[in-house]
1. Once phi is turned into θ = phi - 60°, what whole-Hz ³J(HN,Hα) does the Karplus curve with 6.51, -1.76 and 1.60 give for every residue of the stretch 213-223, x standing for Gly and Pro?
2. Kindly sort LEU74, LEU100 by accessible area of their heavy atoms, largest first, with the probe set to 1.4 Å.
3. Eigenvalues of the Cα gyration tensor times 5, then square-rooted: what semi-axes does that give for the stretch 1-75, in whole angstrom, largest first?
4. Cα gyration tensor of the stretch 1-149, axes a ≥ b ≥ c as square roots of the eigenvalues: rounded (a/c below 1.5), prolate (a/b > b/c) or oblate?
5. Compute the normalised compactness of the chain: alpha-carbon radius of gyration over 2.2 N^0.38 Å, N being the residue count.
6. Give me, ordered by chain and number, the residues 5 or more places off LEU111 or on other chains with an amide H under 5 Å from its own placed amide H.
7. Please list ILE215, ILE7, ILE118 in order of solvent-accessible area, largest first, computed with a 1.4 Å probe with all protein chains present.
8. Assuming a ≥ b ≥ c are the square roots of the Cα gyration tensor eigenvalues, decide whether the stretch 78-205 counts as rounded (a/c under 1.5), prolate (otherwise, with a/b larger than b/c) or oblate.
Amino acid sequence: MTQPRVIYEAKPGSPLEVDRRLYERLAEPTGRRLVERFVVPRRTGHAWPVRAGHVFRIVAVEGPQVADLNVWSLANPRERFWASRTRQLHRAHLTTFDRLWSCLPYLRPMLTITADSIGYGRDEHGGGCHDLLGTRCDPYVHKLLNGEEFDLCCHSNLVRAVAPYHLTELDVHDVLNVFQVTGLTPDGRYFVKPSAARTGDFLEFFAEIDVLCAISVCPHGDLSVPVWGPHAGDPLATCRPLAVEIWEPAAAHLAGWAPPSPSDYSGGHGLGLREPRQDDRSGGER
Ligand SMILES: [Zn+2]
């Protein structure tokens, strides 16, 4: 049998491999200034800007709870987080030193994870924490599965959160499921386990560019109660708030960092050619 092969391999020095000493320094609390702290109540959403060079944390303040995170460039909301490519470039469950990449034609790191207090790793079922396998819960699938109207799904919480920024449902995109433990069963079905977060746990991000972030505090709470299927129950008692903290690192800790530029691919796509050659790897002109 052939062996599996990691397909998205980077050359040494690529932006996939961060300067770990730089990001360890940025994770250092010494000399930080708290810019803002707020609590997002259970079953709601909230959006907030983060300036390039600042750090923010999503914190479990009252016990386990999952959050769905969206990210846009603050200057241009067409540039937004690309969950599936991030999954391929890094892994299906993100942790410290992984980056959140933006969609085409931009393809640059928007955020870099600087600290993950959970450090879940891989469990005996192949599960991991901070999930990129799945996406947000939404009222359309909810109606499909349960036949009922429900307006507090993560998709809808994100829609309400970004409305003050003149964004709509069409801007909400595939998420990073923070604090959410998931995996695939042996026959390839998506599974969840109760959230691994405990009070005080956090996931921390460094903003590489100016971003608008939004989270939904998932109405499924800590995912310990099934919401769909024959054993469906009411997860309200497992729903808890989350806090967000935004920090400005000590200026000295930013030494050596520069905001990343969008991809410098020329953007030609072969459109100017009569018939692109299928073996053309050079990218040169003919
Ligand atoms: Zn949800």
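The values are calculated or read from the model by the stated rules, or taken from the named source; none is laboratory data. Please read these numbers as outputs of a predicted model, since none were measured by experiment. Here the Cβ is made from the backbone with ideal geometry for all residues, glycine too, and neighbour counts use every protein chain on show. Quick note on the areas: whole protein, heavy atoms, side chains included, nothing else; ligands and nucleic acids left out. Shrake-Rupley method; radii C 1.70, N 1.55, O 1.52, S 1.80 Å.
1. Calculated HN-Hα couplings, in order: 10, 8, 10, 10, 7, 4, x, 8, x, 9, 6 Hz.
2. Details: LEU74 60, LEU100 0 Å².
Result of the area sort, largest leading: LEU74, LEU100.
3. Over the Cα atoms of the stretch 1-75, the semi-axes work out to 31, 21, 14 Å.
4. Working: a/c = 1.41, a/b = 1.06, b/c = 1.33.
Rounded.
5. 1.05
6. For LEU111, the qualifying residues are LEU100, GLU208.
7. ILE7, ILE118, ILE215
8. oblate
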